[in-house]
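Report on the structure given below.
The values are calculated or read from the model by the stated rules, or taken from the named source; none is laboratory data. Everything quoted here is computed from the prediction, not taken from an experiment. Here the Cβ is made from the backbone with ideal geometry for all residues, glycine too, and neighbour counts use every protein chain on show. To get the accessible areas, we keep the full protein, side chains included, count just its heavy atoms, and leave off ligands, DNA and RNA. Shrake-Rupley method; radii C 1.70, N 1.55, O 1.52, S 1.80 Å.
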Amino acid sequence: MLLATRYFNTSTISFTLTFMHCQFHSHYGGWTTTWHNIAHIGHATLGSQGWHSSLPWIGIRLKSYDHFIQTICPRVASRILLEQRILLVMALKHSDSPNYQLEDILFDDSPFITQNGEQLLGLQAMLANRMRYNRELLGFDFFIANDALDRPINDFIGLLRRYKAAAA
């Protein structure tokens with residue numbers, strides 16, 4: 001019985017990397033983005049008074065939120081909001097002069113206007129606003145946790161960067 005429960009509760013997380021895109025898969029959904037839409041891939045760090053400490057997350061900075069937000073699975077969007085909120089909390093706590101109150105930005109669902117002029121509401125707006133705050137405070141839009149990887153974080157960053165370079 002315990003083995004059957006363990007088998008059905010295992011979360012399978014994987015990535016598909018092709019010459020065109022990077023795609024995340026899990027039992028609750030996924031996301032995808034083209035390499036041309038990724039502006040920067042790097043190791044997330046937390047800065048305070050000129051010092052930076054590494055975090056166990058890979059940061060992804062996009063050129064445009066439009067396609068990513070419109071195609072992400074709603075369950076994955078809500079999980080990103082919940083699982084990555086600690087990064088926002090840490091960034092605000094280590095900020096020398098925070099411009100925001102945590103309670104105002106943690107679940108900000110104010111309408112978001114995309115680069116294409118489309119207005120996003122609800123969960124999509126909440127994710128887009130969070131990505132905007134993440135970019136301002138941490139330099140990246142969203143993150144991939146170290147525990148979702150099959151190799152050391154620096155090796156995975158190198159792999160992603162090689163795929164991105166090959167797509168250019």
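The set of residues in segment 31-41 being in a strand (DSSP E or B), under 17 Å from residue 15 (Cβ atoms) and in contact with a Phe, Trp or Tyr (Cβ under 8 Å, 6 or more places away or on another chain) consists of 31, 32, 33. All of 130, 135 fail the test of being in contact (Cβ under 8 Å) with a residue 24 or more places away in the chain, within 23 Å of residue 44 (Cα to Cα) and open to solvent by 30 Å² or more (accessible area, probe 1.4 Å), apart from 135. Applying the condition of being in contact (Cβ under 8 Å) with a residue 24 or more places away in the chain and part of a loop (DSSP other than H, G, I, E, B) to segment 107-127 and asking which residue is nearest to residue 89 (Cα to Cα) yields 107.
Selection within segment 85-106: residues that are touching a residue at least 12 places away in the same chain (Cβ under 8 Å) and among the charged types (D, E, K, R). The member of this set that is farthest from residue 62 (Cα to Cα) is 96.
A single member of 157, 113, 105 is within 20 Å of residue 46 (Cα to Cα), touching a strand residue (DSSP E or B) at 6+ places or on another chain (Cβ under 7 Å) and β-branched (Val, Ile, Thr), and it is 157. One residue stands out in segment 47-64 among those that are open to solvent by 60 Å² or more (accessible area, probe 1.4 Å) and part of a loop (DSSP other than H, G, I, E, B): the one that is farthest from residue 37 (Cα to Cα), namely 49.
Collect the residues in segment 72-105 that are part of a helix (DSSP H, G or I) and open to solvent by 60 Å² or more (accessible area, probe 1.4 Å), keeping them in residue-number order. The answer is 74, 75, 79, 82, 83, 85, 86, 93, 94, 103, 104.
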